[in-house]
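Report on the following structure.
The values are calculated or read from the model by the stated rules, or taken from the named source; none is laboratory data. Note that the structure is a prediction, hence the values are computed from the model and not measured. Please note: Cβ atoms are built from the backbone with ideal geometry, for glycine as well, and neighbour counts cover all protein chains shown.
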Amino acid sequence: MRKIFVLFLILSFVGLMSIGFSAKTVRVGIVYDVGGRGDKSFNDAAYAGLQRAIKVLKVEGKDLEPGPGGANREELLRTLAEQNYDLVVGVGFLFTDAITAVAKDFPKVKFAIVDGVIEGLPNVSSLVFNEHEGSFLVGVVAGLMTKTNVIGFVGGMDMPLIHKFEVGYKAGAMYVNPKVKVLINYIGVTGEAFKDPVKGKELALAQYKQGADIIYHASGASGEGVFEAAKETNKYAIGVDSPQSWIMPDRIITSMLKRVDVAVYETIKDVKEGKFKSGIRVFGLQNNGVDYERTKLLPLGVVQKVEQIKKEIIAGKIVVPYDDKTFEEFKAKYLKK
């Protein structure tokens, strides 16, 4: 009898231990990009993904903001790694060097970078997007809805990543409206270009003055300046990253949705389920990684046309350009002389 009782105690202890181990809470730390939480755009989308994971997956989350200019990015990543967080996420391509350094020092911690590509490290997942596909869709909207046949684009940092937004946008507009002219300006050449609404407004006002009646911005928090310009001139704007029409429902006709929230959530889910994969993970129209925002300002006919084109892109019937070279190829193939 005594042996049976001892065996019962041992089995009970083992059972409790296994319950304890299986119930370990996954801990996720996020460090934001320049502009921080509250940018109503890129960083807020990452925050939404974390919050969804906290609610649905019952993970524990912590989010941190870098100091001016993002000088302490690596320090914040290192702090989370030292505290043994299961997953540490850097929101933005500017984290590339910092995550590379910290991930090498903490091989047991998993890392993810949004918009950056880090290859060759088994504990780093690179979350990238087909921004050109989503931008093509809002370009279609602008091309169909412009009354002046002049539209604008205001980019944040002048770099290849933001060029994808520009190229996709003008290709989409020209695809449905060969007469359209696209005005293009960039705010700056550093990360600070994503949080300069004063410059954003200045550039937008200049484009509206040149005849643009719709401007698409891909400039993070600087986009608030573009929206202010749209309000002042009674013209229209297109948001980016997150659904932004709520900011100015009568002026923002749609937004290009870059589903950073989906990418962050899915990566956290993979970690929780033990399915984390290193390498590059692409989010496009095919897997709901990019899209466009439906708003009350979009006529039914425009929505139907965008939905038709969206299906054609997914089916491979329309190949969306992402840089100058592919844009020239796109023009030669799809645009009539």
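Key figures for this structure:
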| quantity | calculated |
| --- | --- |
| Region 66-80 residues that are assigned by TED's automatic domain parsing to the domain that holds Lys110, paired with ones that are polar (S, T, N, Q) and surrounded by fewer than 19 Cβ atoms within 10 Å (Cβ to Cβ) (beta carbon under 8 Å, 6 or more apart) | Pro66/Asn72 |
| Test set (1) at pLDDT 95 or above; (2) surrounded by fewer than 20 Cβ atoms within 10 Å (Cβ to Cβ) - Leu161 fails condition number | (1) |
| Val320 vs. criteria closer than 25 Å to Val88 by Cα and surrounded by 16 or more Cβ atoms within 10 Å (Cβ to Cβ) | no |
| Residue list for region 228-243, filter: within 19 Å of the chain's Cα centre (by Cα) and either among the β-branched types (Val, Ile, Thr) or modelled with pLDDT of 95 or more (or both) | Ala237, Ile238, Gly239, Val240 |
| Search result, residues across region 65-82 that are modelled with pLDDT under 95 and either assigned to a loop (DSSP other than H, G, I, E, B) or among the aliphatic types (A, V, I, L, M) (or both) | Glu65, Pro66, Gly67, Ala71, Asn72 |
| Single residue of region 267-305 satisfying the filter (among the small types (Gly, Ala, Ser) and in contact with a helix residue (DSSP H, G or I) (Cβ under 7 Å, 6 or more places away or on another chain)) that is farthest from Arg251 (Cα to Cα) | Gly284 |
| Residue check, Ile187 assigned to a strand (DSSP E or B), without any contact (Cβ under 8 Å) to a residue 40 or more places away in the chain and within 27 Å of Gly38 (Cβ to Cβ) | yes |
| Residue satisfying condition, being over 28 Å from Asn177 (Cα atoms) and either surrounded by fewer than 18 Cβ atoms within 10 Å (Cβ to Cβ) or under 13 Å from the mean Cα position of the chain (by Cα) (or both), within set Val260, Val271 | Val260 |
| Any chance Glu273 is farther than 25 Å from Tyr85 by Cβ and of a type outside the set (Val, Ile, Thr) | no |
| Criterion violated by Met145 - all others in (1) in contact with a Lys or Arg (Cβ under 9 Å, 6 or more places away or on another chain); (2) within 23 Å of Val319 (Cα to Cα) satisfied | (1) |
| Pair list, Cβ under 7 Å, 6 or more apart: region 100-121 residue among the small types (Gly, Ala, Ser), other residue in a strand (DSSP E or B) | Ala103/Phe111; Ala103/Val124; Ala112/Leu87; Ala112/Val89; Ala112/Ser125; Ala112/Leu127; Gly116/Ser126 |
| Residue within region 212-221 that is over 22 Å from Gly139 (Cβ atoms), in contact with a Ser or Thr (Cβ under 7 Å, 6 or more places away or on another chain) and not β-branched (Val, Ile, Thr) present | yes |
